[in-house]
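Colleague: After the structure tokens below, expect a handful of questions from me.
The values are calculated or read from the model by the stated rules, or taken from the named source; none is laboratory data. Only a predicted model underlies this, so the values are computations on that prediction, with no experimental measurement involved. With ideal geometry, Cβ positions are generated from the backbone for all residues, glycine too; neighbour counts draw on all protein chains shown. Just so you know, the surface numbers come from the protein's heavy atoms only, side chains and all, with ligands and any DNA or RNA stripped out. Shrake-Rupley method; radii C 1.70, N 1.55, O 1.52, S 1.80 Å.
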Amino acid sequence: MTRRVLRAAGVALPVAVLVVLALMAAWPGLFTSQSPLTNDLAAALRPPSLDHPFGTDNLGRDVYARTVHGARTSLLVGIGATAIGATGGVLLGALGALGPRWLDAALLRVLDVLLAFPNLLFALVVIAFFGKGTVNVLVSIGIAAIPGFARVARAEIMVVRGAGYVTSAVAIGSPPRRYILRRILPNSLTTVVVLAALGIGTSIIAASGLSFLGLGPEPPAPEWGLMLAAARDLLAHAWWTGFFPGLVLTVTVVSVTLVGRRLKARFDRRTA
Amino acid sequence: MTARVLVAVLRRAGSALVVLWGAATAVFFTMHAVPGDPEDVILGQELLVTEELRAQVRADFGLDRPLPAQYLTFVGNLARGDLGRSYLLQQPVADLIRDQLAPTLQLAAAGLLVAALLATVLAVLTTGRSGIARQLAVVLEVVAISAPAYWVGIVLLAFLSFRLGWFPAFSDGGLRALVLPALTMGIAIFGLLSQVLREAAENAERQPFALTARTRGLSRLAVTARHLLKHASIPALTVGGWVVGGVVGGAVLIEAVFGRPGLGRLTLQAVVNQDIPLIVGLVLLSALVFVLITIVLDVVYRLVDPRLGTRS
């Protein structure tokens with residue numbers, strides 16, 4: 001009985017967290033009436049209280065309001081970057097798996113080289129190319145995620161390509177565009193979707209990491225990584241300015257990861 | 001036999017060179033496609049920039065020649081181990097990297113040690129068990145994997161350093177200053193390691209020898225510690241190698257949090273300033289680390305598991 005309750009909570013809780021975060025991103029006004037940007041130097045560096053549940057920062061801004069307003073950037077960047085990575089990866093993977101053999105061989109070589117790099121370093125090099133900024137952070141993390149998705153998509157498409165229903169579609173004279181779009185892609189993308197769910201969490205961490213390094217949005221934007229960077233200099237006086245945004249960031253990523261894992265487990269069971 | 005080994009080694013070295021050359025070439029051309037002039041980076045703080053000075057700098061760094069010619073020189077120098085000169089710092093890239101290598105290696109080694117210890121203890125305690133302890137371990141692992149290292153670092157600093165004053169808040173090069181960064185890196189790594197270890201240990205537990213060991217009267221804990229861990233070490237080594245490959249990337253954040261010198265900080269500086277030779281050099285270093293790890297792991301696998309050395 002208790003185990004069953006725990007199990008159910010293990011899914012319901014992260015889903016609930018993600019719903020709340022989505023609401024925060026869409027309507028931050030639902031959660032706080034305070035502005036994330038208004039300075040109030042008289043109320044600077046107040047510890048958490050009823051008025052300011054997460055305390056205030058060095059300019060007297062409400063840390064809770066800033067954290068709530070920060071959800072939008074993080075979620076959008078996480079989802080956007082993953083979308084770029086998954087789309088690019090599927091295109092490249094399909095090109096390799098369904099295209100001419102020389103192209104596949106060349107692609108594999110390139111992927112080997114790219115996969116040799118840690119994602120963050122890859123993203124940093126892309127940032128060096130595009131320059132700083134929120135959109136550039138999104139794009140660079142997305143590009144850095146492409147090789148991983150491409151490798152998985154290629155392998156999946158290879159498997160599906162050999163399946164009986166594809167062979168029969170080819171045999172009855174179905175044109176390539178038709179059987180690729182109707183048969184191969186829908187049946188090979190489940191793994192990519194599961195991987196993408198997990199990838200959103202990684203992208204959110206990577207994006208706030210780049211912001212933390214000063215490569216993302218400019219202050220005073222309410223962004224979690226940026227808030228943590230500012231908090232680093234205030235640690236001697238105010239632990240709360242960094243603790244809470246980071247906690248919310250961690251809870252977000254844990255929730256995404258748990259939901260992604262559950263999806264993966266379900267999918268693995270189905271294929272096994 | 002020896003001929004076959006030699007061929008295998010040569011093939012490995014060949015593909016390693018291809019990876020390195022590919023990485024260097026890709027970064028070289030992408031970075032030179034960046035809009036803007038490299039001489040602006042080189043001149044940097046210079047106040048009176050005349051056309052003459054620009055021309056001279058371009059000539060000094062070989063930037064006045066066509067890109068293909070620059071590339072050939074770059075590859076030629078690379079083959080002789082010359083990585084060129086940093087635009088920003090005006091020093092040989094190889095020297096800059098060598099100077100910053102030690103602090104990052106220290107951090108990586110200490111971080112890995114922490115991670116290995118945490119992961120081993122957790123895996124030994126929870127292998128083959130179900131119940132609260134196991135659930136707790138799983139939650140701990142997911143949180144450790146998900147929590148961003150820069151936040152973990154900030155929390156550790158806030159409480160252990162500023163509140164309790166146990167450790168210095170900024171790196172002074174001493175051993176005490178290494179504790180928190182190493183702990184931060186260890187926490188970031190151990191979750192994954194522990195998951196892999198336990199899963200592999202549980203796979204090994206289903207093999208007959210595990211039952212045999214139990215019938216000899218060994219406790220469950222002893223079987224895990226003495227027998228199963230060894231079987232689990234191969235996948236753990238793979239993950240470990242992958243982690244080491246990511247150390248330069250991970251070090252960027254941890255070095256930033258703790259104000260430590262090192263390759264991570266050098267990387268950030270290079271990226272922010274579009275210091276092309278330095279970026280190329282650091283990317284090459286990362287590729288080299290990856291290539292070396294693959295080779296070292298191959299040897300270590302055989303040492304750990306003699307079955308891999310024999311062909312059936």
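Colleague: Take chain B, connect every pair of alpha-carbon atoms lying under 10 Å apart with a spring to form a Gaussian network, then pick out the residue of B:L285, B:L72, B:L228 with the largest mean-square fluctuation.
Modeller: B:L72
Colleague: Using 0.36 nm per residue, how much length does the chain from B:T215 to B:L288 gain when fully extended, once their Cα-Cα distance is taken away?
Modeller: Working it through step by step, the gained length comes to 21.5 nm.
Colleague: I want to check the label-to-label distance for B:D64 and B:L43. Put each point 7 Å from Cα in the C-beta direction and report it in nm to one decimal.
Modeller: It is 1.5 nm.
Colleague: For the interface of chains B and A, what total accessible area is buried with a 1.4 Å probe, rounded to the nearest 100 Å²?
Modeller: Its buried surface, counting both partners, is about 3600 Å².
Colleague: Please compute the per residue accessible area over chain B with all protein chains in place, 1.4 Å probe, rounded to a whole number of Å².
Modeller: Solvent-accessible surface per residue comes out at 51 Å².
Colleague: Give me the one-decimal nm value for the distance between modelled label points at B:Q56 and B:L101, 7 Å along each residue's Cα-to-Cβ direction.
Modeller: It is 3.5 nm.
Colleague: Turning to a different aspect of this structure: Determine the distance separating the Cα centre of the range B:181-225 from the Cα centre of the range B:85-132; give it in Å without decimals.
Modeller: If we compute the Cα centre of each part, the gap is 22 Å.
Colleague: Also: If each residue of separation counts as 0.36 nm, what is the full-extension length gain between B:L136 and B:L308 once their alpha-carbon separation is subtracted?
Modeller: 58.4 nm
Colleague: Using a simple spin-label model with points 7 Å from Cα along the Cα→Cβ vector, what separation in nm is obtained for A:S174 and A:D268?
Modeller: 3.1 nm
Colleague: Roughly how much of B:D64 is accessible, in Å² to the nearest 10, using a 1.4 Å probe?
Modeller: Rounded to the nearest 10, the figure is 90 Å².
Colleague: Are there any residues in the range B:123-155 with a reduction of at least 30 Å² in accessible surface when going from the isolated chain to the assembly of protein chains? Probe 1.4 Å, please list them by number.
Modeller: B:V142, B:S146, B:P148, B:Y150, B:W151, B:I154
Colleague: Which order do A:I184, A:I205 take when ranked by solvent-accessible area (1.4 Å probe, heavy atoms of all protein chains), largest first?
Modeller: I get A:I205, A:I184, largest accessible area first.
Colleague: Now a separate question. Take the solvent-accessible surface of the protein heavy atoms, probe 1.4 Å, and return the percent of it on chain B that carbon and sulfur atoms account for.
Modeller: 66 percent
Colleague: Between A:A16 and B:A222, what FRET efficiency follows from the Cβ-Cβ distance if R0 is 45 Å, with the result rounded to 0.05?
Modeller: Once rounded, the FRET efficiency stands at 0.60.
Colleague: Which angle from 0 to 90°, rounded to the nearest 10, does the C-alpha axis of helix A:2-26 make with the longest principal axis of chain A?
Modeller: Between the helix axis and the principal axis of chain A, the angle is about 70 degrees.
Colleague: Grab the DSSP H runs of chain B that are 4 residues or longer, score each as -39,500 (n - 2.57), total them, divide by all residues and round the 222 nm result to the nearest 500 deg cm²/dmol.
Modeller: It lands at -24000 deg cm²/dmol.
Colleague: Rank these residues by their accessible area, most exposed first, probe 1.4 Å: B:R4, A:R46, A:R4.
Modeller: A:R4, B:R4, A:R46
Colleague: A further question follows. Suppose accessible area is computed on protein heavy atoms with a 1.4 Å probe; arrange B:F167, A:F130, A:F149 from highest to lowest.
Modeller: From most exposed to least exposed: A:F130, B:F167, A:F149.
Colleague: Cα-based Rg of the range B:1-120 per 2.2 N^0.38 Å, rounded to two decimals?
Modeller: Compared with the compact-globule rule of thumb, the range B:1-120 sits at 1.49.
Colleague: If you don't mind, there's one more thing I want to ask. Between B:V300, B:V252, B:V239, find the one with the highest GNM mean-square fluctuation for chain B; connect C-alpha pairs within less than 10 Å.
Modeller: B:V300
Colleague: Let me make sure I get this right: for the protein assembly as shown, a, b and c are the square roots of the gyration tensor eigenvalues over alpha carbons, sorted descending. Under 1.5 in a/c it's rounded, otherwise prolate if a/b > b/c, else oblate. Which is it?
Modeller: Cα axes put the protein assembly as shown in the rounded bin.
Colleague: Can you give the extra length, in nm with one decimal, that the chain gains between B:L117 and B:V9 once fully stretched, where that is 0.36 nm per residue apart less the Cα-Cα distance?
Modeller: 35.6 nm
Colleague: Leaving out ligands and nucleic acids, and using a 1.4 Å probe, what accessible area per residue does chain A come to in Å²?
Modeller: 48 Å²
Colleague: Given a Förster distance of 41 Å, report the FRET efficiency between B:I295 and B:Q90 from their Cβ-Cβ distance, rounded to the nearest 0.05.
Modeller: 0.75
Colleague: Considering amide H positions built from the backbone, and no H for Pro or chain starts, which residues 5 or more places from B:R85, or on another chain, come under 5 Å of its amide H?
Modeller: B:V93
Colleague: At a probe size of 1.4 Å, how large is the accessible area of B:H231, to the nearest 10 Å²?
Modeller: Surface open to solvent at B:H231 totals about 70 Å².
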